[in-house]
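**Student:** My questions will all concern the structure given below.
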Amino acid sequence: MLRRRAAAISVLAVLSAAFATGCSAPGADQESSGDNSGPIKIALVDAQSGQLSSLGAWELKGARLAIDEWNAAGGIDGRQIQLGVFDDQGDPTVGTNLARKIDSEGYIAMIGTAESAVTIAMAPILKQAQIPNITSGQSPGLVAVGSEFLFLNGPTSTTYDETLARHVVDDQGVRSIAMISNNGGYGKGEHDAFLKALRSRGVTPVADQVVTTDQKDFSAALTGIRQKNPKVIFLGAEEVESGLIVKQARDLGITATFVGAAPQGTPVFIDTAGARNAEGTIVSSPYLSNEINDASKKFAAAYRKKFNEEAELHGAKAYDGTQILLTALKTSNVATGKDLAEAIRATRYQGLLGAFAFDKTGVGIFETSIGTIQSGKLVAAS
Amino acid sequence: MQVFLQTIVGGVSLGAVYALVALGFSLVYRTMGLVNFAHGNVVTVGAYLASTFYLSTKLPFALAMVIAIALTGAIGLVIERVLRPLENRDFDLMLIGTIGFGIVLDALIIMIWGATGRAVPSPVPSAPLDLFGLRIRTYDLVVLAIAAVATVLLVLFLSRTKRGAAMQAVAMDHEAATAVGIHVGHSNAVAFMIGGGLAALAGGLVGPLLYVSPALGGALGIKGFAAAILGGFGSIPGAIVGGLAIGILDSFTAGHFQGYSELVTFLVFTVIIMVRPTGVFGERTVNRA
């Protein structure tokens, strides 16, 4: 019922947009963003259904929190900020359709998505439409797209995995390392980035297993790894799949320490693997806990008050990304298109993840910290 | 050798679940000649129901399963009752009707339980058995045992009871069955009810092995459907053999072809089906479509 109503509303919106375009003089295209009245329209595109929907739910909460704070403080230039939520189902095809849709509906900027593959698919359309996009993806493939309208609200896999390799190989002196990663956008990026970090240290992984994104049984890959008896196993897969891999690995009697990036620090990973199986997992993350400093404590308290649950990395990233976008909108007096993209690039922002300063490629942060999972919680490594 | 055996062990436990899903497909197909496309979604509902009673209401796992099976059996009855007016009139509409039911169930799942999933801890927490370096999860043995018992009960029901015999008769020739006084509608209803129950059995059992989310049934449904076809659609032993075969095949291709495993699994499946279009146990009792 809700969905039907939403569909009806969007049909209406498209019709009225088409009508408005039809009525205006030729050439005077409806830069609905260009007019200085009405709310500022920002789109959030993320998986709100499917296996990756937990990411979308966190991201929505982070973005919502930031926007509500700005709206409560009077908005930007006296205009309220309106957040339109779109469900990409974690599917690149749906994503490209949504990219056209937010363009035609006059959204001036986009938050999301949390899936690199979806964002990469949407990027060319958003670039053409000149809609700046702050994504939560971290695949180096995002940088390879080369769009001046694409920004990352966190480090890329290269940063995550370089920090991880430094900790594991340089600091702990472990050289017996196995890898298991999936062949999706995220997993491929992680695989390449970690392998590169290992190679630069002269380490060759004892096993390098690739699985598919919806594989359920990992016996073959894990038994292969078990025979090599590695000290450390690198996980390059999303939350649920990583959790299943760890659970099955422990059942097979593998006692090696697991290491990974952002997904391995989430409650979904810990629940799927089982807290006992995930114990000791080493995580490279730009946001280890809510207790790191005053800003994160304040964010976590506001998050808990609003959504009645504990904040985590993905909410924090989306919060930072949204704050940067809103700051850029404010400093540029609600510019759109190229000007807004330039304003985002020029924004220097001290966020929850650290100090953001965007470079040409749209990456603003180049640092992560090491944490471990202890008693089912991610804590900073001592 | 160890990798080989461990791969089989890994494939068999999921294979048993595929077999249960395939049984649900096959049972409805042999009775009505209808592919129930909502079956995968009923599996998801079953998984959510079982995990809800197990985790939230803290019922024992077995009891949670029984309640889930009863409820999905009722869902099966509802689907059959709604589709009944179409029986023998418009077959295509019935097929589309099952797809529609699948979409409705999918939407209901997201409305009731949300779009995010949940992890179900294993009800058999003991450590895996170690046989000459081969690790066998105790829970896998439970899954296999339950799947075997369910199959035996189903076969006994079909061959030894009056209702079961009536269903077999309907499967062979529904007009002749009607002529001797068998209510075809009742037969179909029982088939859908048992199919629904089997879906919850598969979904509930797979919960602790995997992650219960709205997408769960989609993956299991496709593999289960492929298993049913492979074994010979409509055949009970075929469903079991097909399920185990798909599970083990999947496990092996994952080991050898890594990222391309899914592709290879279905390529092999296609070749087998091209060589033997009726599947391994292709009995073709049903010829109504």
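**Student:** Hey, could you get me the Stokes-Einstein D for region A:338-382, Kirkwood radius over alpha-carbon pairs, 10 °C and 1.306 mPa s, rounded to whole µm² s⁻¹? Kindly include the intermediate steps, with their values, before the conclusion.
**Tutor:** Working: Rh = 12.7 Å.
D, rounded to a whole number, is 125 µm²/s.
**Student:** Does region B:6-116 come out rounded, prolate or oblate by the C-alpha gyration tensor, with a ≥ b ≥ c the root eigenvalues, rounded set by a/c under 1.5 and, if not, prolate when a/b is larger than b/c and oblate if not? Mind dumping the intermediate values first?
**Tutor:** Numbers: a/c = 2.05, a/b = 1.37, b/c = 1.50.
Taking the square roots of the gyration eigenvalues as a ≥ b ≥ c, region B:6-116 is oblate.
**Student:** How are the Cα pair distances of region B:118-203 distributed, in percent, across 10 Å bins from 0?
**Tutor:** So the P(r) values, bin by bin, are 15, 32, 22, 16, 11, 3, 0.
**Student:** In terms of Cα to Cα distance under 17 Å, which lysines are near enough to A:LYS360, apart from those fewer than 8 places away along the same chain?
**Tutor:** Once the sequence-local lysines are set aside, what remains near A:LYS360 is A:LYS127, A:LYS338.
**Student:** Additional query: Is it possible to state the helix-based mean residue ellipticity at 222 nm for chain A, with each DSSP H run of 4+ residues giving -39500 (n - 2.57), the sum divided by total residues, to the nearest 500 deg cm²/dmol? What is it?
**Tutor:** On the way: 14 runs with 176 residues, N = 382.
Computed mean residue ellipticity for chain A: -14500 deg cm²/dmol.
**Student:** Then there is this: Can you tell me the Rg and Dmax of region A:97-163, counting just the alpha carbons, in angstroms?
**Tutor:** 11.8, 41
**Student:** So which lysines pass the test for A:LYS228, namely a Cα distance under 30 Å, with those fewer than 8 places away in the same chain ruled out?
**Tutor:** A:LYS188, A:LYS196, A:LYS216, A:LYS247, A:LYS377
**Student:** Give me the Kirkwood hydrodynamic radius of region A:141-226, using the inverse of the mean 1/r over all pairs of distinct Cα atoms, in Å to one decimal.
**Tutor:** Values: mean 1/r = 0.0702 Å⁻¹.
Taking the inverse mean of 1/r over all distinct Cα pairs, region A:141-226 comes out at 14.2 Å.
**Student:** Enter the accessible area of B:ARG118 (Å², nearest 10), with the probe set to 1.4 Å and all protein chains included.
**Tutor:** 50 Å²
**Student:** Can you sort A:GLU279, B:GLU262 by solvent-accessible area, 1.4 Å probe, largest first?
**Tutor:** Details: A:GLU279 80, B:GLU262 55 Å².
Result of the area sort, largest leading: A:GLU279, B:GLU262.
**Student:** Indicate the helices, whole DSSP H runs only, in chain B that combine a mean Kyte-Doolittle hydropathy of 1.6 or more with a Cα extent along their long axis of 30 angstrom or more. Intermediate results must be reported in sequence, preceding the final value.
**Tutor:** Numbers: long enough: B:2-32 (44 Å, 1.38); B:61-83 (33 Å, 2.17); B:91-113 (33 Å, 2.08); B:138-160 (32 Å, 2.03); B:184-206 (33 Å, 1.40); B:236-257 (31 Å, 1.32).
Helices meeting the criterion: B:61-83, B:91-113, B:138-160.
**Student:** Would you mind telling me which residue in A:ALA316, A:ALA114, A:ALA355 has the biggest mean-square fluctuation in a Gaussian network model of chain A, where springs connect alpha carbons within a distance under 10 angstrom?
**Tutor:** Greatest mean-square fluctuation among the candidates belongs to A:ALA355.
**Student:** In whole Å, what is the distance between the alpha-carbon centres of region A:108-149 and region B:204-224?
**Tutor:** Each part's Cα centre sits 32 Å from the other's.
**Student:** So, one more: Work the Kirkwood hydrodynamic radius out for region A:65-190: mean of 1/r over every pair of different alpha-carbon atoms, inverted, in Å. Can you show the working numbers first?
**Tutor:** Numbers: mean 1/r = 0.0608 Å⁻¹.
Over region A:65-190, the inverse of the mean reciprocal pair distance is 16.4 Å.
**Student:** Further question on the same structure: Using the Karplus curve 6.51 cos²θ - 1.76 cosθ + 1.60 with θ = phi - 60°, work out ³J(HN,Hα) for each residue of region A:135-140 in order, rounded to whole Hz, and write x for Gly and Pro.
**Tutor:** 9, 9, x, 9, 5, x
**Student:** Give the angle, between 0 and 90 degrees and rounded to the nearest 10, that separates the Cα long axis of helix A:92-104 from the longest principal axis of the Cα atoms of chain A.
**Tutor:** Around 20 degrees separate the two axes.
**Student:** Under 12 Å between alpha carbons, and skipping anything fewer than 8 positions from A:LYS306 in its own chain: which aspartates and glutamates qualify?
**Tutor:** Within the straight-line cut-off, A:LYS306 pairs with A:ASP68, A:GLU69.
**Student:** When the Debye formula is applied to the Cα atoms of chain B, each taken as the same point scatterer, what base-10 log of I(q)/I(0) results at q = 0.10 Å⁻¹?
**Tutor:** Cα-only, vacuum Debye calculation for chain B: -0.52.
**Student:** Stick to Cα atoms and the Kirkwood definition of Rh, then tell me Rg/Rh for region A:157-285.
**Tutor:** Numbers: Rg = 12.8 Å, Rh = 14.0 Å.
Expressed as Rg/Rh, it is 0.92.
**Student:** Under the Karplus relation 6.51 cos²θ - 1.76 cosθ + 1.60, θ = phi - 60°, what is the ordered set of whole-Hz ³J(HN,Hα) values for region B:120-125, x standing for Gly and Pro?
**Tutor:** Per residue, the Karplus-derived 3J(HN,Hα) values read 10, x, 5, x, 10, x Hz.
**Student:** Another question, if that's okay. Relative to the compact-globule scaling 2.2 N^0.38 Å, provide the ratio for the alpha-carbon radius of gyration of region A:239-382. Please list the in-between numbers first.
**Tutor:** On the way: Rg = 17.8 Å, N = 144, 2.2 N^0.38 = 14.5 Å.
Scaled against compact globular proteins, the figure is 1.22.
**Student:** Relative to the longest principal Cα axis of chain A, at what angle does helix A:116-129 sit, 0 to 90 degrees, rounded to 10?
**Tutor:** 20 degrees
**Student:** Of all the C-alpha pairs in region A:222-300, what % are more than 19 Å from each other? Present the calculation step by step, with values, prior to reporting the outcome.
**Tutor:** Details: 1159 of 3081 pairs.
Percentage above 19 Å: 38.
**Student:** Quick one: what does P(r) look like for the protein assembly as shown with 10 Å bins over all Cα pairs, in whole %?
**Tutor:** 3, 15, 23, 23, 18, 12, 5, 1, 0
**Student:** Please report, as a whole percent, how much of the solvent-accessible surface of chain B comes from carbon and sulfur atoms (probe radius 1.4 Å). Spell out each step's value before the answer.
**Tutor:** Working: 8770 of 12040 Å².
Summing carbon and sulfur atoms, their accessible area is 73 percent of the total for chain B.
**Student:** Still on this structure, please answer the following. Give me Rg/Rg_expected for region B:134-289, where Rg uses Cα atoms only and Rg_expected = 2.2 N^0.38 Å with N residues. Walk me through the numbers on the way to the answer.
**Tutor:** On the way: Rg = 17.5 Å, N = 156, 2.2 N^0.38 = 15.0 Å.
Output field value: 1.17.
**Student:** Would you mind computing, in nm to one decimal, how far apart the modelled labels at A:ASN333 and A:LYS298 are, each placed 7 Å from Cα along Cα→Cβ?
**Tutor:** 2.9 nm
**Student:** What's the center-to-center distance, using Cα atoms, between region B:52-122 and region B:1-51 in Å?
**Tutor:** If we compute the Cα centre of each part, the gap is 15 Å.
**Student:** Per residue, how big is the convex hull around the C-alpha atoms of region A:288-331? Give it to me in cubic angstrom, could you? All intermediate terms of the calculation are to be shown ahead of the outcome.
**Tutor:** Working: hull volume 3.4 nm³, N = 44.
With only Cα atoms used, region A:288-331 gives 77 Å³ per residue.
**Student:** At a threshold of 8 angstrom on Cα-Cα distance, excluding pairs fewer than six apart, so keeping six or more, what relative contact order does chain A reach in percent? Walk me through the numbers before you get to the answer.
**Tutor:** Details: 761 pairs, mean separation 66.6, N = 382.
Across chain A, relative contact order equals 17 percent.
**Student:** Accessible area of region A:157-285 with a 1.4 Å probe: how many percent of it is carbon plus sulfur? Please report the intermediate quantities before stating the final value.
**Tutor:** Values: 1840 of 3950 Å².
On region A:157-285, the fraction of accessible area on carbon and sulfur atoms equals 47 percent.
**Student:** If you don't mind, there's one more thing I want to ask. Distances over 36 Å make up what percent of all Cα-Cα pairs in chain A?
**Tutor:** Working: 17142 of 72771 pairs.
Roughly 24 percent, once rounded to a whole number.
**Student:** Now for a different question. Of the residues A:SER285, A:SER37, A:SER116, which exhibits the maximal mean-square fluctuation in a Gaussian network model of chain A defined by a 10 Å Cα contact cut-off?
**Tutor:** A:SER37
**Student:** Enter the per residue convex hull volume of region B:40-196, computed from alpha-carbon coordinates, in Å³ rounded to the nearest integer. Could you put the intermediate results ahead of the total?
**Tutor:** Numbers: hull volume 24.1 nm³, N = 157.
That works out to 154 Å³ per residue.
The values are calculated or read from the model by the stated rules, or taken from the named source; none is laboratory data. Every value quoted in this text rests on a predicted model; they were computed, and no experiment measured them. Note: ideal-geometry Cβ built from the backbone for every residue, glycine included; neighbour counts use all protein chains shown. Areas reflect the complete protein model, heavy atoms only, side chains present, ligands, DNA and RNA absent. Shrake-Rupley method; radii C 1.70, N 1.55, O 1.52, S 1.80 Å.
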